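One structure is given below, encoded as structure tokens.
Read-outs throughout are calculated quantities, based only on the coordinates presented, and are distinct from any laboratory measurement. Everything numeric here is computed off the predicted structure, so don't read it as measured data. Counting neighbours? That spans all protein chains shown, and the Cβs are built from the backbone with ideal geometry, glycine included.
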Amino acid sequence: MWTKRESSHNRLNVLVCFVGTFTLFLIGSWAVLVLLSSTTRVLPRNAQGGPLTLALAATLSVVVSLIGIPIGFTYMYFFGGVVSTKAIKLYLFITKGTHVIGSKTSELSAIQASRGLKLKLRRQIMYFGFILAVVVPFATYEAKHKDLPFFSPLAPTTDIVTLITQDFITLTMTASLMLPLVALALPYFGGLRLRSIDVGPFHTTVLSMVVGASGGFALLYTALTQPILSVLAYIFFLLIGVCWCFALGCNLGAEPANRHITRMVLAEKVSSRVVSSKIWLENPPGKFREV
């Protein structure tokens, strides 16, 4: 009964995420067409705004999803699952930390024994926010310096949907290069409860550094270049669908990444820097007792 209920809930989450994908690309398509209609690269005379926006949103939802979701999944599993355990050891070595612990071994064992992929809406929104906060500032910088092609020149006889889709593919591939550092910390926000005693939480440190650097860069860049707010808003609308697909892939990859991390942690020797004890209980709060 529980399995059927969980499967039904997961299917509902998939539907909500797919509807969200189309909605965000619909917003982005509208922003693209508004920009094109207000520049010298006018749309074809026979182009109808409403149907063209829907067609572009549907095309981008399929094409970018087929690219962005696998990229997000791969980055999440490799950087979030495989590389993160190595990064934790390096982090603890530099900060002279001694533990990464799980409050309950049964929770880690349950994660290790789990199967399949799970799509959680809360996790999706969380990942989406982190990824968007990192991708948008650097995309703004690259767009300003002409390093990131957005759109090809249009002619009255050109297939606008095809041209814009090709540029979105380039945009997706370029934006994906900013994901590895974010993916390094994201699994720990997806249900895996590991933390260190002697130093601050690894995932919080990484995300604070990455998101803080992105935010600081965005503020500094804005102060120095004074970009037009409408341009910033346009890039934001342009990227929300792409970042949503990255978050969707990371969301799907969170469970396999968590299982890999759990296997690595449970396999560590008691004397290692990563785990000094397999079972710790926090009772009362703030005081840890080995069981």
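At a glance:
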read-out	value
Taking Thr95, Thr174 and counting other C-beta atoms within 10 Å, the order from fewest to most	Thr95, Thr174
Cβ-based exposure ranking for Cys243, Cys250, in which fewest neighbours within 10 Å come first	Cys243, Cys250
Leu15 versus Leu54: modelled label distance in nm, points set 7 Å from Cα along the beta carbon direction	2.1 nm
Cβ-based exposure ranking for Lys269, Lys89, in which fewest neighbours within 10 Å come first	Lys269, Lys89
Val83-Leu121 pseudo-label distance in nm [points 7 Å out on the Cα-to-Cβ vector]	3.2 nm
